[in-house]
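Just so you know, all these numbers are worked out from the coordinates, no wet-lab data involved. In this text, all values refer to a predicted model and were calculated from it rather than measured experimentally. FYI the Cβ positions are ideal-geometry reconstructions off the backbone, even for glycines, and counts take in every protein chain you see.
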Amino acid sequence: MEKGKRFSIITFGCQMNVRDSETMRSILLRRGFEEDKPENADIVLINSCSVREKAANRAKIYAREFKRKGKKVIFAGCVAENEKDRIFELEVDAVLGTRKIHKVGDVAVSLLEDRRIMEVGFDEIPSFDEIPEPTHPVTSYVNISIGCDNFCSFCIVPYTRGREIARSFDSILNEARELVKKGSKEIFLLGQNVNSYFDEKTGYDFADLLYHLDKKLDGNYWIKYLSPNPRDFSYKVFKAIKESTHISHWFHLPLQSGSTKILKRMKRDYTKEEFLDLCYMIREGFPDATITTDIIVGFPGEDDKDFEDTLDVVEKVRFEMAFMFKYSERPNTPARRYKDKLPEEVKDKRLQVLIEKVNNIIGERRKEMLGRRFIILTEGESEKFENHTKVKTRENIKGVLKGKFEPGKFLIGRVTEIIGHTPIFEFERFCDYKGE
Ligand code: SAH
Ligand code: SF4
Ligand code: F3S
């Protein structure tokens, strides 16, 4: 291998970043670079996340550390876009913004010539032509839109990913078809607010997109999507899901807060009652549904009563899973201006109370799975449970299957035991994506 041409990618953050890393990896491989472990690499690419301060700091610490070890560092992703100048000063070798990932090949070549470089900004519309080789044996991510126009008052994403741009229907269909042909069993449609998808050429909205992806591809696959804003969940989308065979009945509905007052301050545009109604409608329409969520505690102005409202929604919906965060103030976001910030101890305490409640409910939910049969998809060897295979249900509950199975198989598994929150499945028979 030519000197200086080994690279390694370290990815923080959400599935968008995972997908961007896959794209950059494909480009670098095509340009003659070779992938290796970070310790052996000449170039370390850090794909950063800015959503909470901790994640952003971790990426910066990594960058400094790899620089100290004498590596060339390309700092990419959301922090790169948002804090470009500061990051460049950190003495990284290159800064690569979220809409410039297609330039990673040129950037890496310039590093070979010892030139430092900064590529940032939203002036270009990405072509979406780069279809990366999936790095996961079973799941593939497909962007349906990039950017976000919602400007929730706590969130940095609109500033790190720019305005929302929908990808064309044809391009999504082609990529999904290609991936299914190559053996992907789970197509994850990605957008910051998938429900606002609209393709001008065909006039298709998100419901139409789901409808066509369900009908127009041949094969054995599930469709999942992230994330729908609860505000924009239309009856048409429900209908498309209801009438489909490939689309998962997993609904990830980021609640953020159960208090209508706080939701208003967050600029989420739905009320506690509207969120609850949506969940009741899902539970009624899809008895096998999984509802998961994201919750932020300690947003400025959140009082005991507001927090009680969040706990109340948690009790009423009984989420199958939740990601819970302490509010983290982010640069440029409107919520920075709120004066009534909460002390760290209050945020800590509330997070602890919330986690405990959610965990109890998840425990109960998992117990309800005991003895039942599920269609599951094998993903690979479990690291935690010896002689077990990692699996997930169609509704996206993760678990393990007794024994060793090849990745990418659909099968019927019966839950025989729950360890912690992990359901343990026993093999019953192989099947297709529908369980037949
Ligand atoms: N577009 C997605 C969210 C992406 S960010 C959506 O609207 O669903 C993922 C999650 O991070 C959010 O749902 C939120 O719960 C959390 N988050 C975002 N900004 C945050 C902040 N400033 N502090 C704490 N958590 C935050
Ligand atoms: Fe952030 Fe809101 Fe956009 Fe999600 S919808 S990325 S929370 S601004
Ligand atoms: Fe994703 Fe983090 Fe950016 S959550 S969109 S990588 S700020």
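Rounded to the nearest 20 debye, what is the charge dipole size of region 6-119 about its Cα centre when +1 sits on each Lys and Arg Cβ and -1 on each Asp and Glu Cβ?
On the way: 23 positive and 19 negative charges, 42 e Å.
Dipole about the Cα centre, nearest 20: 200 debye.
Can you give the extra length, in nm with one decimal, that the chain gains between Asp269 and Glu113 once fully stretched, where that is 0.36 nm per residue apart less the Cα-Cα distance? Write out the running numbers ahead of the final one.
Working: separation 156, 0.36 × 156 = 56.16 nm, distance 5.04 nm.
Taking Asp269 through Glu113 to full extension adds about 51.1 nm, to one decimal.
Cross-link list Lys100/Lys264; Lys267/Lys305; Lys305/Lys341; Lys215/Lys239: which exceed 26 angstrom alpha carbon to alpha carbon?
Values: Lys100/Lys264 34 Å; Lys267/Lys305 19 Å; Lys305/Lys341 16 Å; Lys215/Lys239 14 Å.
From the list (Lys100/Lys264; Lys267/Lys305; Lys305/Lys341; Lys215/Lys239), the Cα-Cα distance tops 26 Å for Lys100/Lys264.
Roughly how compact is region 319-436, stated as its Cα Rg over 2.2 N^0.38 Å to two decimals? Before the final figure, lay out the partial values.
On the way: Rg = 19.2 Å, N = 118, 2.2 N^0.38 = 13.5 Å.
Here the answer is 1.43, to two decimals.
Just list whichever of Lys261/Lys347; Lys182/Lys402; Lys409/Lys434; Lys367/Lys398 have alpha carbons separated by over 23 Å in the model shown.
Lys182/Lys402
So for region 1-100, what are the equivalent ellipsoid semi-axes in whole Å, largest first, each being the square root of 5 times an eigenvalue of the Cα gyration tensor? Spell out each step's value before the answer.
On the way: eigenvalues 83, 48, 25 Å².
Ellipsoid semi-axes (Å, largest first): 20, 16, 11.
Report the Rg/Rh value for region 373-430, based on alpha-carbon coordinates and the Kirkwood definition of Rh.
Details: Rg = 9.6 Å, Rh = 10.7 Å.
On the Cα set of region 373-430, Rg over Rh gives 0.90.
Which shape class, rounded, prolate or oblate, goes with region 69-111 when its Cα gyration tensor gives a ≥ b ≥ c as root eigenvalues, a/c under 1.5 marks rounded, and past that a/b bigger than b/c marks prolate? Spell out each step's value before the answer.
Numbers: a/c = 2.20, a/b = 1.03, b/c = 2.14.
Verdict is oblate for region 69-111.
So what are the chain's ellipsoid semi-axes, whole angstrom, largest first, if each one is the square root of 5 times an eigenvalue of the alpha-carbon gyration tensor?
Working: eigenvalues 225, 163, 101 Å².
Here the semi-axes work out to 34, 29, 22 Å.
Put +1 on the Cβ of every Lys and Arg and -1 on every Asp and Glu Cβ in the chain; which of Phe66, Phe425, Pro300 then has its Cα farthest towards the positive end of the dipole?
Sorting the options by dipole projection puts first Phe66.
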